[in-house]
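Accompanying notes for the structure given below.
Readers should treat all values here as calculations from the given coordinates under stated rules, not as data from a laboratory. As the structure is a computational prediction, the values presented were derived from the model and not from experiment. Glycine also receives a Cβ, built like all others from the backbone with ideal geometry; neighbour counts cover every protein chain displayed.
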Amino acid sequence: MTIEFHAPKALGASKAGVEKFAEELALKIGFSAGDSIEELVQRIGGKLVVGSSGHGDEESGSIVARNVNEFEIFVSRHTSLKRDRFTIAHELGHLLLHFGAIKKQDEGAVMRATRYVDQSDQDQQRAEWEANWFAAAFLMPSDEFAEAFTEGGVHTAAQRCGVSLQAAKIRAENLNIS
């Protein structure tokens, strides 16, 4: 039996709205900057797999979700742990932002999100942006990130949040604190 996968559908929410949702969710579930995202995935019913889903995601991450508490996140064998944290949070963004609309249309639907989206499909591109906004705010909440940045610059903020230096630099720019 062949499974028909559904790509994430963008919410069309503002960047500020997505970031607010991510930060409030982190607070609600007790997830702080630097906490184990791997443990969080397991706690909410997900599974992490190092390697490919077999659908062209060898170099990056992806998610296959059957239900909000039944999903697999695939991370590349070729990336760092800090990069993987962002990838995992990005895929959780797809799950928490985009999966509900897919399930509403088709209760039996399975969502698959990969890095490779149709560049002519603005909805898919927007869904990727939304997942990135979610990941950044979830892993690097603005107040905690700004405090760490003030204490010791971008290196301290990256270390405290458990993200790559590149992710921390982008977050600092987006928060206008670089």
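With respect to the chain, whose longest principal axis is taken over its alpha-carbon atoms, helix 142-161 is tilted by about 80°. Could you work out the relative contact order of the chain? I mean the mean sequence separation of Cα pairs under 8 Å and 6+ apart, divided by the number of residues, in percent. Across the chain, relative contact order equals 29 percent.
Name the GluC sites (Glu not before Pro) in the range 66-150 that are in a loop by DSSP and that have at most 13 other C-beta atoms within 10 Å, would you? Spell out each step's value before the answer.
On the way: sites: 70, 72, 91, 107, 128, 130, 144, 147; in loops: 107.
Taking the range 66-150 and a limit of 13 other Cβ atoms within 10 Å, the loop GluC sites (Glu not before Pro) found are 107.
Estimated from helical segments only, the mean residue ellipticity of the chain at 222 nm is -17500 deg cm²/dmol, where each DSSP H run of four or more residues counts as -39500 (n - 2.57). Of all lysines in the structure, the ones whose alpha carbon falls short of 28 Å from that of residue 82, not counting any fewer than 8 places away in one chain, are 9, 15, 20, 28, 47, 169.
Every Cα-Cα pair in the range 5-139 was counted, and those over 19 Å apart are 46% of them.
Where in the chain lies the longest segment free of trypsin sites (Lys or Arg not before Pro) that are both loop residues by DSSP (not H, G, I, E, B) and have at most 15 other Cβ atoms within 10 Å?
On the way: sites that count: 77, 115.
In the chain, the maximal stretch lacking such sites is 1-76.
Each residue, residue 78 and residue 27, gets one label point 7 Å from its Cα in the Cβ direction; the gap between the two is 4.0 nm. Neighbour counting of Cβ atoms within 10 Å sorts the residues 29, 88, fewest neighbours leading, into 29, 88.
Exactly which chymotrypsin sites (Phe, Trp or Tyr not before Pro) in the range 98-178 are in a DSSP loop and have at most 14 other Cβ atoms within 10 Å?
On the way: sites: 99, 116, 129, 133, 134, 138, 145, 149; in loops: 116.
Taking the range 98-178 and a limit of 14 other Cβ atoms within 10 Å, the loop chymotrypsin sites (Phe, Trp or Tyr not before Pro) found are 116.
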